[in-house]
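Working notes for the structure below.
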Amino acid sequence: MFIKDYISKDYPAFNSSDMIDDANEMAKEFGYSHVFVKKKGVYQGAISQSFLDESPEGTLGSLDMHFEKFAILDDGNLLDSIKLFHTFNCNVVPVISKTEKYMGYLCCDDIFNEFSKYPLFSENGAIMIVQTSGRHYSMTEVCKIVESNNGKIYGCFINLITEDYIQITLKFNSENTSSIDETFERYGYSVVHKYYDDEKEDLLKDRFGFFQKFLEF
């Protein structure tokens with residue numbers, strides 16, 4: 001999960017004196033959204049490939065007022081990079097040292113491939129989103145509810161926080177999904193969404209369908 005273990009070094013940072021066209025061609029060749037610029041070895045910022053397409057001939061330094069100041073430290077965590085990918089609409093993030101030296105980059109495909117190995121994403125299981133008040137929230141209790149019904153948790157995370165409530169997404173493996181559903185409601189949680197086959201619900205639907213056909217006769 002540490003950034004330093006996932007740094008790639010085959011995509012260079014350009015000097016501010018390098019030509020815009022050269023940087024643009026390199027970004028297109030790699031298929032990356034941004035190029036990175038350095039000056040005397042110090043990272044200056046990033047600029048999008050689409051912006052380079054529309055820029056006049058000249059050096060990258062002439063575009064310094066358009067540099068986007070984003071990067072991640074080499075001693076950071078992979079999770080820290082996710083927000084950067086989203087915020088700057090990029091598929092590549094520069095990695096720098098504490099002295100702002102360009103160390104390499106992270107590619108979003110590499111990060112997503114790494115996360116895909118985690119049981120939260122790789123294992124088949126039921127997915128449920130539950131909601132509760134902020135005061136009532138307890139991840140320990142959430143896990144206990146699942147495990148007390150012989151469920152095995154693959155992962156859980158908070159996907160929404162407001163002043164009034166918190167929503168928690170969890171993925172688990174269990175043959176007692178209906179019991180877990182009911183236990184959450186008994187503890188004061190609302191089941192907002194559930195993505196699995198609910199046998200009890202299906203049975204009720206089948207009985208209701210049979211009852212409707214009976215009435216038609």
- Query: So which residues in the stretch 16-53 are among the basic types (Lys, Arg) and within 26 Å of the chain's Cα centre (by Cα), if there are any at all?
  - Reply: 28
- Is it fair to say residue 69 is surrounded by fewer than 14 Cβ atoms within 10 Å (Cβ to Cβ), in contact (Cβ under 8 Å) with a residue 12 or more places away in the chain and basic (Lys, Arg)? yes
- Task: Please indicate, with yes or no, whether at least one residue in the stretch 134-147 is at pLDDT below 95 and on the phi > 0 side of the Ramachandran plot.
- Result: no
- Message: Cβ-Cβ under 8 Å, sequence separation 6+ or interchain: first residue in the stretch 84-100 and over 15 Å from residue 6 (Cβ atoms), partner not hydrophobic (A, V, I, L, M, F, W, C) and not in a loop (DSSP other than H, G, I, E, B). Which pairs?
- Response: 88/34; 88/68; 90/34; 90/48; 100/43
- Message: I need the full set of residues from the stretch 54-92 which are among the small types (Gly, Ala, Ser) and farther than 16 Å from residue 110 by Cβ, in order please.
- Response: 55, 58, 61, 62, 71
- Just need a number here: residues in the stretch 107-125 that are modelled with pLDDT of 90 or more and more than 21 Å from residue 79 (Cβ to Cβ). 0
- Note on the structure: Of the residues in the stretch 30-42 that are among the basic types (Lys, Arg) and in a strand (DSSP E or B), the one that is surrounded by the fewest Cβ atoms within 10 Å (Cβ to Cβ) is 39
- Query: Does the stretch 15-29 contain at least one residue that is under 14 Å from residue 91 (Cα atoms) and part of a loop (DSSP other than H, G, I, E, B)?
  - Reply: no
- Do any helices (runs of 4 or more DSSP H) lying entirely in the stretch 60-179 carry at least 1 residues that are closer than 30 Å to residue 37 by Cβ, among the hydrophobic types (A, V, I, L, M, F, W, C) and under 17 Å from the mean Cα position of the chain (by Cα), and which ones are they? 78-87, 108-115
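Condition check ((1) among the hydrophobic types (A, V, I, L, M, F, W, C); (2) touching a helix residue (DSSP H, G or I) at 6+ places or on another chain (Cβ under 6 Å); (3) modelled with pLDDT of 90 or more) across all residues:
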{"site": "175", "(1), (2), (3)": "no, no, no"}
{"site": "182", "(1), (2), (3)": "no, no, yes"}
{"site": "188", "(1), (2), (3)": "no, no, yes"}
{"site": "196", "(1), (2), (3)": "no, yes, no"}
{"site": "199", "(1), (2), (3)": "no, no, no"}
{"site": "203", "(1), (2), (3)": "yes, no, no"}
{"site": "210", "(1), (2), (3)": "yes, no, no"}
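The values are calculated or read from the model by the stated rules, or taken from the named source; none is laboratory data. From a predicted model like this one, the values you see are computed outputs, not experimental measurements. Please note: Cβ atoms are built from the backbone with ideal geometry, for glycine as well, and neighbour counts cover all protein chains shown.
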